[in-house]
Amino acid sequence: MSVLAEKKSTKSSSSKLKKKPYSNDQLENVFFNILKLHATDLICLHRQEDRTIVFASDSSFEMLGYKPDELLGNELYNYIAEEFHADMAEELFRKMLYRPNTEIRLMLKSKKNEVVWVSSKWIENIEFPESEEKFAVSVNSNVTESVLLMEDLIRAWSKEKEVNELRSSLFAIASHEIKTPLAVIQMQTDILKKWAKQDKLEKKYLDVFDKLQKQVNRLNEIIGDIVRFRQINNGQEPFNPVQLNIVGLSKDVIESFGEAYGKNRIKLEIKGEEKSFVGDRNMVQYMLSSLLDNAGKYSPKKEAVQLCIEFLDDELLIQVSDLGMGIPSHELKRIFEPFYRSENAIMNAEGTGVALAVIQEFVLHHKGHIYASSVLGKGTTFHVNLPYSIDKPSIPI
């Protein structure tokens with residue numbers, strides 16, 4: 001190494017060694033400047049004795065609309081909305097507000113008198129060199145957005161609760177207040193029909209009684225669906241899974257329709273090798289009956305309704321298809337909501353929109369899945385996928 005190079009190296013090393021370390025005061029100043037300029041939370045330094053603010057970060061302007069200098073000499077308590085602590089004694093509230101190392105949620109008022117929610121933490125016994133005073137720090141995070149979101153959720157929940165309570169009341173009315181007079185109407189209709197036959201009245205009078213009977217039956221079905229849905233929601237619907245002959249049950253359901261939809265109108269198709277299936281007989285029977293009934297209502301009278309039972313490798317697939325007017329694609333996800341009816345259904349057939357909600361609940365009881373596919377003007381197919389087994393049945397059937 002040359003003498004010149006050695007001298008430069010020695011000079012460089014000595015200059016590094018001669019650099020003085022930062023003093024505590026300098027470090028504090030750098031730290032405070034960083035907090036002042038870059039902190040997003042409102043950070044304040046307080047005299048611990050009287051809790052007045054002696055330093056505030058620049059974020060005070062963005063959060064409350066006050067410049068940092070405007071906060072000096074005041075305490076945090078001065079910026080709390082009066083309505084927030086109006087019902088609490090001041091001394092008690094101050095103890096809660098200035099409790100060390102405890103976070104508290106506060107409602108502050110900005111310079112423009114707007115509400116700002118903050119999560120505030122109070123830290124005491126901060127000491128500085130060459131100072132006999134003790135200080136405290138408050139760290140205040142803006143949580144207004146999360147508080148307002150929570151309020152929205154609570155309002156939505158309260159509204160939903162009110163709707164559910166109203167719905168429950170309507171269900172109770174349907175099961176008690178409507179069912180009783182309907183039973184009386186049924187009884188009186190039967191008596192009138194009997195008298196009409198005894199007196200050999202003209203056929204037109206008997207036809208009137210038949211139409212009346214049909215509407216009574218329809219009301220009974222509607223009430224039955226509503227009551228059943230209420231029982232499901234209240235956990236009152238019994239669930240008794242047993243081994244079922246799904247093919248035999250399907251044939252029984254089809255036979256129960258009799259001539260209602262015309263002879264041989266419902267076509268049954270069986271696919272795959274028949275396997276053992278466990279399910280609640282009443283629920284599965286209701287699923288089949290209601291889906292077939294809907295298909296019959298929404299199909300032209302001369303068109304067949306298709307019931308397909310397919311035994312897949314790991315689950316049972318039930319498909320009920322019609323050739324009716326179809327369901328708009330944007331309504332397919334809503335048709336299982338209680339009391340929801342698509343526009344086509346309202347215009348073309350009677351109903352309440354409860355049956356599909358009941359069916360969906362029954363499918364969920366079986367840990368299955370239901371959905372609908374449809375093409376406007378060409379028809380709709382309901383697909384029900386059910387596992388072969390849920391629980392071990394106690395009584396084979």
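The values are calculated or read from the model by the stated rules, or taken from the named source; none is laboratory data. From a predicted model like this one, the values you see are computed outputs, not experimental measurements. No Cβ is skipped: glycine too gets one built from the backbone with ideal geometry, and neighbour counts run over all protein chains shown.
Does LEU323 satisfy the condition of being within 14 Å of HIS383 (Cα to Cα), buried (at least 17 other Cβ atoms within 10 Å of the Cβ) and of a type in the set (A, V, I, L, M, F, W, C)?
Here the answer is no, as LEU323 does not meet what is asked.
Does the range 101-121 contain any residue that is surrounded by 14 or more Cβ atoms within 10 Å (Cβ to Cβ) and closer than 17 Å to GLN48 by Cβ?
Within the range 101-121 (the criterion being surrounded by 14 or more Cβ atoms within 10 Å (Cβ to Cβ) and closer than 17 Å to GLN48 by Cβ), the answer is yes, since at least one residue qualifies.
Out of the residues in the range 371-389 meeting the condition of being of a type in the set (Val, Ile, Thr) and surrounded by fewer than 21 Cβ atoms within 10 Å (Cβ to Cβ), tell me which one is farthest from the chain's Cα centre (by Cα).
Ranking the candidates gives VAL375 first.
Working carefully through the options LEU288, LEU312, find the one that is among the hydrophobic types (A, V, I, L, M, F, W, C), assigned by TED's automatic domain parsing to the domain that holds VAL363, exposed (fewer than 14 other Cβ atoms within 10 Å of the Cβ) and modelled with pLDDT of 85 or more.
LEU312
Take PHE171 and decide whether it is part of a helix (DSSP H, G or I), modelled with pLDDT under 75 and surrounded by 12 or more Cβ atoms within 10 Å (Cβ to Cβ).
In short, yes.
Return yes or no: is PHE93 hydrophobic (A, V, I, L, M, F, W, C), in the same structural domain as GLY65 (by TED's automatic domain parsing) and more than 40 Å from the chain's Cα centre (by Cα)?
no
What number of residues within the range 74-92 satisfy the criterion of being over 13 Å from ARG51 (Cβ atoms) and not acidic (Asp, Glu)?
Of the residues in that region, 7 qualify.
Tell me, yes or no, whether the range 64-73 has at least one residue that is loosely packed, with under 10 Cβ neighbours inside 10 Å, among the charged types (D, E, K, R), assigned by TED's automatic domain parsing to the domain that holds THR40 and outside any loop (DSSP other than H, G, I, E, B). It would help to see each step written out before you state the result.
Quick first cut of the range 64-73, residues loosely packed, with under 10 Cβ neighbours inside 10 Å only: 69.
Keeping just the survivors that are among the charged types (D, E, K, R) gives 69.
Checking the rest, the ones that are also assigned by TED's automatic domain parsing to the domain that holds THR40 come to 69.
If we keep only those that are outside any loop (DSSP other than H, G, I, E, B) too, we end up with 69.
Within the range 64-73, one or more residues are loosely packed, with under 10 Cβ neighbours inside 10 Å, among the charged types (D, E, K, R), assigned by TED's automatic domain parsing to the domain that holds THR40 and outside any loop (DSSP other than H, G, I, E, B).
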